[in-house]
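In what follows, a single structure is set out as structure tokens and then discussed.
The values are calculated or read from the model by the stated rules, or taken from the named source; none is laboratory data. Please read all numbers here as calculations on a predicted model, not as lab measurements. Positions of Cβ are generated from backbone atoms using ideal geometry, with glycine treated the same way; all protein chains shown enter the neighbour counts.
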Amino acid sequence: MKSQGAKGHQGFNLIELLVTLAVFAVILGIAIPSFMDLIRDSKARSQSNQILSYLHYARSEAVKRQLNVEARMTQVSNGWNLQVLRTDNNELLRRLDVSDANVALGGDPNVIFDSRGRPLQQRCIGVIVDESTKYSRQVTVLPGGKIAVEAGQCQ
């Protein structure tokens, strides 16, 4: 029968456990701020892509229906909403409600597309997360009807 000596004992001693926890704490201290930046940037991207999608829908409805269609964005207390409306009778075609008080819209929140799918005016909609320009995106509607999302704020 084998005796349980110093060589037969397996596991961690207290010093090894404390060193492992200290290394883990340092790694977390470095990783968490970067992870929070990633979350904020992802939020700005996803919400600007939602706006992009609804603007494409409004543009295609204007061409399909051969009339002016408006995309109207409104900041509310717990986030923002976007409505796609016919301009002749204010019929609601589609609505998006986003409940995120950390995201603010800036720039020109209303875009009207004519029957050819062109905006009546060039517009820039800003999406700002946590009131920081570091985590902002701009959705630009160009005179020809092209809609693009890029980093930065509306000028």
Note on the stretch 4-20: residues loosely packed, with under 10 Cβ neighbours inside 10 Å and at pLDDT 85 or above are Asn13, Leu14, Ile15
Does Arg59 fit the bill of being farther than 15 Å from Pro109 by Cβ and buried (at least 19 other Cβ atoms within 10 Å of the Cβ)? yes
Could you please let me know if Arg116 is touching a residue at least 60 places away in the same chain (Cβ under 8 Å), of a type in the set (D, E, K, R) and either in contact with a His (Cβ under 9 Å, 6 or more places away or on another chain) or farther than 30 Å from Leu38 by Cα (or both)? no
Failed item, numbered, when Ser42 is tested on (1) small (Gly, Ala, Ser); (2) assigned to a helix (DSSP H, G or I); (3) under 16 Å from Ile147 (Cβ atoms): (3)
Single match in Ser99, Ser115, Ser132 (criterion: at pLDDT 90 or above and of a type in the set (Gly, Ala, Ser)): Ser115
Kindly indicate which of Leu67, Leu105, Leu96 is surrounded by fewer than 19 Cβ atoms within 10 Å (Cβ to Cβ) and either part of a strand (DSSP E or B) or in contact with a Pro (Cβ under 9 Å, 6 or more places away or on another chain) (or both). Leu96
Looking only at the stretch 118-129, count how many residues are surrounded by fewer than 16 Cβ atoms within 10 Å (Cβ to Cβ) and either modelled with pLDDT of 95 or more or under 14 Å from Ala62 (Cβ atoms) (or both). 1
Checklist (1) assigned to a strand (DSSP E or B); (2) touching a helix residue (DSSP H, G or I) at 6+ places or on another chain (Cβ under 9 Å); (3) surrounded by 12 or more Cβ atoms within 10 Å (Cβ to Cβ) applied to Ser115, failing item: (1)
